[in-house]
Structures are given as structure tokens and as C-alpha cells.
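Derivation of every value follows stated rules applied to the coordinates shown; laboratory data play no part. In this text the structure is predicted, and so the values were computed from the model without any measurement. Glycine gets a Cβ as well: all are built from the backbone with ideal geometry, and neighbour counts include every protein chain shown.
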């Protein structure tokens, strides 16, 4: 599956034209071409390698999944690897979708591994800013980066909201909720680790694109790329702070569990002390030797009174010290 666009002097001239016609356009300086391939075959990659003169190592990276977000520089083009992310509303799982991008002086080539990554929102951003289309490939690349970074920011925000929900369960005394906190904390920590691997390298990618010697970002586009870079920094810092916050939640949960265990042990010990009093009295009166009240009703009443009075005295003392 392939999508194509042709801009002439900043105006959309053609769309969805045959891929075979690209070779007749890429040499014209006033034209900008966009080619999008979804789940390309080795023949498709060989075709763009021949048509655009792309480096074989960049083609190899585009054909392999799970690349690190990066920007590689070759003699006459750039290769960028990036990820779009989203958080599943039901399970809270972080979903990542890889994208490979070739950046040439007058062409932008995007390669998607599957249809989970859709280019429609990116195309809508391009169409919403026709006044910047004259900036060529830099304009197309900005719309793509802006969409990716906004997705990172949205994912961080959703994870932050889930952490806030988790914090409300910290001091719930239900045992089931305690297990829920442990499970959600682990899942959030795992999602944040995955998100950090995607967001953190983007800082270097966008910063490299701002270099003057790459000739990708023109002066009119510079403020827009700086805005994207600012969003990347904010998403990175927010992700780092959330990782620290999840660690704090885990430590707080363990502390709360420890305090609850100490409280339970205190109560068990207090009740054991109260129960020890009747045990001691009945043990004393169970001796097989004569004592005052032996074999008489008075001994029974005395022992019963001692058990009740001493137990109530201990209960009142422990209650006063908040041990029960």
C-alpha cells in the first residue's frame, strides 16, 4: 500500500499518483514529494533504494523492526527512526508503533510496519498549514514530528492521571485493593520504562535537526521546530518525574503495609496478653494442692472475679495506649 503527494511551489499539485512516476519528479528543484509505504516488501525497499539513491544501511534499518529512535546522517539524505505511542483506555497498556523516515532535499519517505500507525492525522496537519508548504521537506517533517511528539505528551498525561488514581487506593484498608495497587504499580512502572525509551532519544533527534549544516529547517520553520523541541523536553522531564513518582508510590505502599502489619501485631499481642490472664488464673486454681477456697464455691467465684477484673484492667490499659 502506497500513498503519494506532490507539492509544486508550496501548492498541492497531485495526490495518490503512481509510484513509478516519482523518478520524473525528484530531480526538479521546485517540487516536493511525499511517499508513504505501509508494510513494504523487500521489492518495495529495493525500489526506493534505486529511485532515491538511499544508502543500503538505511534501507536495512528500515526493514528491521525495534530500531532505537535516532537520526542517521548520510551523504545526501537523512534517516530517522521514531515511534508513535498511545495508552489503551481499558487496560492502560502502552502501545508503540514504529515509523522509519527518509529525508532527502526534495522528498519525504515514510515507512510504516502496519496499519496501526495511520498517516491521516499527519495529512490533516499539513492541510491545516498551507502557508508553510513552500518550505518543502522541512514543512512535511515538522507536521510528522509535531504529531508524534503530541502523542508522546498525551501518553504521559494519561499515565499521570492513572498514577493519581493509584494514589487514592494507597490508604484503602481492603486486601483486594492492596493487590490492585501492587499490580497497577508494576504495570505503570513497566509502561513508563517503555515510554522513556521512546521519548528520551527524541530530544537528540529534534536537536540534531535544528543544526544549520543539515539544511532541513529553514528560518521560517525554526520557531515551529523549537516549539516541538520544547514539547519533547517537557515530555522527557514529565516522564522522568513520573518514574520517580511511581517509585515513591511503591515505597509508600510498602511503608503502609509495614505499618498495618505492626498494628496487627500490636493488636494480636495485646489480645494474647489479655487471654494470658484467665489462663494464668485457671492454671493456678487447677493445682492439685490445697489452697484457700479449695473444693469450695468461694474459690470458683474468686477465680472468676480475678479473670474478669484483670482482663478488663488490661483491656482498659491497652485501649488507653491505643494498642487495641
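If you plug the beta carbon distance of residue 254 and residue 88 into 1/(1 + (r/R0)^6) with R0 = 45 Å, you get a FRET efficiency near 0.95. Helix 222-285 and the longest principal axis of the C-alpha atoms of the chain enclose an angle of approximately 10°. Between 0 and 90 degrees, the angle of helix 175-209 with respect to the longest Cα principal axis of the chain falls at about 30 degrees. A full extension of the chain between residue 66 and residue 27 corresponds to an added length of 10.8 nm, given 0.36 nm per residue minus the alpha carbon distance.
Computed from the C-beta positions of residue 56 and residue 20 and an R0 of 35 Å, the FRET efficiency is 0.95 to the nearest 0.05.
At a Förster distance of 35 Å, what's the computed FRET efficiency of residue 300 paired with residue 268, Cβ-Cβ distance as r, to 0.05? Could you put the intermediate results ahead of the total?
Values: r = 30 Å, r/R0 = 0.86.
My answer for the efficiency is 0.70.
Relative contact order for region 37-86: what percent, with Cα pairs under 8 Å and sequence separation of 6 or more? Display every interim value, and only then the final one.
Values: 29 pairs, mean separation 11.6, N = 50.
It rounds to 23 percent for region 37-86.
Stretched out fully, how many nm does the piece from residue 237 to residue 165 gain, at 0.36 nm a residue minus the Cα gap? Difference between extended and current length: 23.8 nm. Projected label points at residue 8 and residue 41, each 7 Å from Cα along the beta carbon direction, are separated by 3.2 nanometres. The long axis of helix 297-320 is offset from the longest Cα principal axis of the chain by roughly 30 degrees.
Calculate for the chain the 222 nm mean residue ellipticity that helices alone would give, adding -39,500 (n - 2.57) per DSSP H run of length 4 or more and normalising by residue count, nearest 500 deg cm²/dmol. Write down the numbers at each step before the final one.
On the way: 7 runs with 183 residues, N = 324.
One gets -20000 deg cm²/dmol as the mean residue ellipticity at 222 nm.
Modelled label positions at residue 157 and residue 172, each set 7 Å beyond Cα in the direction of Cβ, lie 2.6 nm from each other. Computed extension length for residue 1-residue 207: 71.0 nm, one decimal, from 0.36 nm per residue of separation with the Cα-Cα distance subtracted.
Once each part is reduced to its C-alpha centroid, what is the distance from region 254-273 to region 209-240 in angstrom? Computed from Cα coordinates, the inter-centre distance equals 54 Å. With Cα atoms defining each centre, region 84-111 and region 14-36 are spaced 23 Å apart in the structure.
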